[in-house]
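Each remark here refers to the structure printed beneath this line.
The values are calculated or read from the model by the stated rules, or taken from the named source; none is laboratory data. Every value quoted in this text rests on a predicted model; they were computed, and no experiment measured them. Virtual Cβ from ideal backbone geometry, glycine too; neighbours counted across all protein chains shown. When the accessible area is computed, the model is the full protein with side chains, heavy atoms only, and any ligands, DNA or RNA have been set aside. Shrake-Rupley method; radii C 1.70, N 1.55, O 1.52, S 1.80 Å.
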Amino acid sequence: MAGHSKWKNIQHRKERQDAKRAKIFTKISKEIYAAVKNGGPDPDQNPRLRMALHKAKQANMPNDNIQRTIKKATGDVEGLTYEEIVYEGYGPHGVAIMVDVLTDNRNRSAAEVRHLFNKHGGNLGESGCVAYLFERKGLIVVDKEAAPLGEDDLMLLAIEAGAEDLRVEDDAYEVVTAPGDYETVKQALETKQIPLAETQITMLPTTTVQLNDEQKEQVMKLIDALEDSDDVQNVYTNVDW
């Protein structure tokens with residue numbers, strides 16, 4: 001896999017998310033809802049729900065919100081039904097972009113996503129137009145300063161637990177796993193009391209696009225606009241930040 005630092009992008013997103021906590025709660029609630037609908041309400045038997053609850057904890061989401069969403073998803077409380085859709089397209093300078101959406105109105109979401117692509121110098125494409133440029137992977141980020149192990153020892157631990165790779169960035173280690181090995185590797189690191197800065201199942205690009213700072217800013221404006229949509233859960237791109 002080509003080198004691609006997710007950590008800088010994650011840090012940028014976190015700064016924005018902290019400033020928009022109410023919107024983040026809405027997005028996490030949708031993710032919890034979808035996870036329960038697809039895999040049941042028991043986090044021990046539902047990895048996707050475990051991840052969603054972890055996000056809720058990181059965002060300091062009130063437990064009442066979480067439980068209310070789970071009840072809606074199990075049918076104990078009447079609520080909306082959300083549909084999962086993946087949109088694909090090209091941003092400024094031809095970068096590949098994938099957008100995860102959870103929506104109760106497919107037509108509304110499609111129109112909004114298309115509008116945002118067009119407004120910010122991109123265009124929405126057909127299904128499959130850029131998906132081949134990404135792979136679904138587990139990503140576990142360890143802050144270098146907080147890591148109790150050095151690079152070699154951390155790599156040995158991660159690889160023995162089933163990780164595919166350990167990437168060294170300026171201020172972090174990025175442990176990459178297959179989706180099926182994500183939980184095992186994460187637990188192995190937690191058992192050794194290694195503080196994890198970020199953990200997620202994500203889409204990583206197989207190749208990346210090099211842009212200058214001005215071009216990156218143009219792409220980020222599109223990403224920011226997409227993430228501001230209540231229906232958008234995740235945005236992935238093949239830009240090398």
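Output the residue which, of all residues in the stretch 157-174 that are of a type outside the set (Val, Ile, Thr) and assigned to a helix (DSSP H, G or I), is surrounded by the fewest Cβ atoms within 10 Å (Cβ to Cβ).
Ranking the qualifying residues of the stretch 157-174, first place goes to 160.
Can we say residue 151 is within 23 Å of residue 27 (Cα to Cα) and acidic (Asp, Glu)?
The answer is no for residue 151.
Output the qualifying pairs, or none if there are none: Cβ atoms under 9 angstrom, residues six or more apart or on different chains, first residue in the stretch 113-124 and without any contact (Cβ under 8 Å) to a residue 60 or more places away in the chain and surrounded by fewer than 22 Cβ atoms within 10 Å (Cβ to Cβ), second residue among the charged types (D, E, K, R) and in a helix (DSSP H, G or I).
Sorted first by the residue in the stretch 113-124, then by its partner, the pairs are 123/114; 124/114.
Could you check the stretch 175-196 and list, in sequence order, the residues that are of a type outside the set (Lys, Arg), part of a loop (DSSP other than H, G, I, E, B) and open to solvent by 30 Å² or more (accessible area, probe 1.4 Å)?
193, 195, 196, listed by residue number.
Out of all the residues in the stretch 143-156, is one or more without any contact (Cβ under 8 Å) to a residue 40 or more places away in the chain, open to solvent by less than 90 Å² (accessible area, probe 1.4 Å), small (Gly, Ala, Ser) and more than 23 Å from residue 230 (Cβ to Cβ)?
Yes, there is a match, as at least one residue in the stretch 143-156 is without any contact (Cβ under 8 Å) to a residue 40 or more places away in the chain, open to solvent by less than 90 Å² (accessible area, probe 1.4 Å), small (Gly, Ala, Ser) and more than 23 Å from residue 230 (Cβ to Cβ).
Does the stretch 81-103 contain any residue that is open to solvent by 70 Å² or more (accessible area, probe 1.4 Å), assigned to a helix (DSSP H, G or I) and farther than 19 Å from residue 28 by Cα?
Yes; the residues of the stretch 81-103 include at least one that is open to solvent by 70 Å² or more (accessible area, probe 1.4 Å), assigned to a helix (DSSP H, G or I) and farther than 19 Å from residue 28 by Cα.
Please work out which one of (1) touching a residue at least 12 places away in the same chain (Cβ under 8 Å); (2) crowded, with 17+ Cβ neighbours inside 10 Å; (3) polar (S, T, N, Q); (4) farther than 17 Å from residue 231 by Cβ is the condition residue 46 fails and give its number.
Among (1) touching a residue at least 12 places away in the same chain (Cβ under 8 Å); (2) crowded, with 17+ Cβ neighbours inside 10 Å; (3) polar (S, T, N, Q); (4) farther than 17 Å from residue 231 by Cβ, residue 46 violates only (1).
Identify, by number, the condition in (1) within 28 Å of residue 165 (Cβ to Cβ); (2) without any contact (Cβ under 8 Å) to a residue 24 or more places away in the chain that residue 75 doesn't meet.
Of everything listed in (1) within 28 Å of residue 165 (Cβ to Cβ); (2) without any contact (Cβ under 8 Å) to a residue 24 or more places away in the chain, residue 75 misses just condition (1).
Could you say which residue among 211, 226 is touching a His at 6+ places or on another chain (Cβ under 7 Å), modelled with pLDDT of 90 or more and either buried (at least 17 other Cβ atoms within 10 Å of the Cβ) or not polar (S, T, N, Q) (or both)?
Exactly one residue qualifies, and that residue is 211.
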